[in-house]
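Peer 1: One structure, as structure tokens, below. Some questions next.
Rule-based calculations on the coordinates, nothing more; no lab input. Here the structure is a predicted model, which means the values were calculated and not measured. Note that each Cβ is placed from the backbone with ideal geometry, even for glycine, and that neighbours are counted across all protein chains shown.
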Amino acid sequence: MFKNISRKIPNPLYIGSAVAGVIGFAYLTKELVGGQRYQGKGVTAKDKVIIVTGANTGIGKEITWELARRGAKVYMACRDMKRCEKAREEIVLDTKNKYVYCRKCDLASLQSVRDFIKIFKSEQKRLDVLINNAGVMNTPNTKTKDGFEMQLGVNHMGHFLLTNLLLDLLKESTPSRIINVSSVAHKRGKINKDDLNSDKNYNASDAYAQSKLANVLFTKELANKLQGTGVTVNSVHPGLVDTEIIRHMSFYSSWMATVLVKPFVWPFIKNPKQGAQTIIYLALDESIEKVTGKYFCDYEEVDVSEEAKDENISKWLWAVSEKWTRLNI
């Protein structure tokens, strides 16, 4: 009797092979979904001066790492200096590029943005690429130091001010580039003219979508204003990427999601290195040197929402952003 029972017990070797096969398939799927790594053979960033916001973690850190590897002088514009310095040391040790700098820039504070600009301009007389990467997502209903809804303030207003205050250096360093990291979430976004700051009603998901739409509208309007200057500006959807930006989405931090959801969706979500590739391409590739005002995903120019094509909305948003950030004061 015991002999027959033992025959029905699965062979551990078979179980191990099956598990290994599943894991291998998951990794293969992740590689395929993540897309190709930017090759850019021979493409160098030597002597280029580049600013990356939110550079100490996630996509920003991977962008900084690759640009440093290719010889750029990279300014890591970050809110948390301790974490920034830790990331910088790691990158410098690996790339042997000592020209990687940490500078404080809290996009939730217009004064911090202005302080960063003052320090940067005292140290550098050129700027080849500005990568507006930092962002927050689905935050609690909080305000920035200047009273902006947090997602609108960090994702749009802070970068709006930063970019405009750096345009003089970008124009002096042509051909130069600006890359605004947006999201496919912009397609469900609406610019709420009656409650842009979400003072009357706050929905975290809607506010995030509005801020990402603002990135695309800002890109298009800025591209129009920069025609003929030699400065290009494009926006990009990096894909669904597993980074700290989801930390405010409580469900994904729960034990239930960890056990029941994440193992199944993991193969279909990019890691930070994969999410950085199209941004690196936009920053360096010669083929798009004169391309401007476009929206990219996985190296390809793709269409934007109808709301993002509305010139009246983009002009309205520019005027409001200019006023709220006290750009000309």
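Peer 1: Working only with C-alpha atoms, what are the Rg and Dmax values of the stretch 117-156, expressed in angstrom?
Peer 2: 14.0, 39
Peer 1: Same structure, new question: Summing Lys, Arg as +1 and Asp, Glu as -1, what charge do residues with Cβ under 12 Å from the Cβ of residue 105 carry, residue 105 excluded? Each step should come with its number before you reach the end.
Peer 2: Working: positive: 79, 103, 104, 114, 118; negative: 80, 106, 115.
Around residue 105, the charge tally is +2.
Peer 1: What are the ³J(HN,Hα) values, in whole Hz, obtained from phi via the Karplus relation 6.51 cos²θ - 1.76 cosθ + 1.60 with θ = phi - 60°, for each residue of the stretch 95-101 in sequence order, with x given for Gly and Pro?
Peer 2: For the stretch 95-101, the Karplus-derived couplings read 8, 6, 9, 7, 8, 10, 10 Hz, x marking Gly and Pro.
Peer 1: Also: What percent of all Cα-Cα pairs in the stretch 48-324 falls into each 10 Å bin, going from 0 up to the bin containing the maximum distance?
Peer 2: 7, 30, 38, 20, 4, 0
Peer 1: Let me ask another. How much FRET efficiency would the formula 1/(1 + (r/R0)^6) give for residue 306 and residue 96, where r is the Cβ-Cβ distance and R0 is 56 Å, rounded to 0.05?
Peer 2: After rounding to 0.05, the efficiency reads 0.70.
Peer 1: Mean 1/r over all different Cα pairs, inverted: what Kirkwood radius does the stretch 61-141 give, in Å?
Peer 2: Final number for the Kirkwood radius of the stretch 61-141 is 13.6 Å.
Peer 1: Given H placed 1.01 Å from N in the peptide plane, which residues other than close sequence neighbours of residue 296 have an amide H under 5 Å from its amide H?
Peer 2: Correct list: 235, 236, 237, 302.
Peer 1: Also, quick follow-up: Which value, in Å³ per residue, describes the convex hull spanned by the Cα atoms of the stretch 41-187?
Peer 2: So the per-residue Cα hull volume is 121 Å³.
Peer 1: Could you work out how much longer the chain between residue 328 and residue 199 gets when fully extended? Use 0.36 nm per residue separation minus the Cα distance between them, nm to one decimal.
Peer 2: 43.9 nm
Peer 1: Per residue, how big is the convex hull around the C-alpha atoms of the stretch 143-226? Give it to me in cubic angstrom, could you?
Peer 2: 95
Peer 1: How far apart, in nanometres, would the label points at residue 143 and residue 229 be if each is projected 7 angstrom from Cα along the Cα-to-Cβ direction?
Peer 2: In this crude label model, residue 143 to residue 229 measures out at 3.1 nm.
Peer 1: Tally the DSSP beta bridges in the stretch 48-324 and give the antiparallel ones as a percent, rounded to 5.
Peer 2: For the stretch 48-324, the DSSP antiparallel bridge percentage is about 10.
Peer 1: Apply the Karplus curve 6.51 cos²θ - 1.76 cosθ + 1.60, θ = phi - 60°, to the phi angles in the stretch 284-300 and return the couplings in whole Hz, x for Gly and Pro.
Peer 2: Each residue of the stretch 284-300 in turn: 10, 5, 5, 5, 10, 4, 10, 7, 8, x, 10, 10, 10, 8, 6, 6, 10 Hz.
Peer 1: Is there a quick way to get the dipole size of the stretch 48-324? I mean about its Cα centre, with the Cβ of Lys and Arg at +1 and of Asp and Glu at -1; what is the value in debye to the nearest 20?
Peer 2: 760
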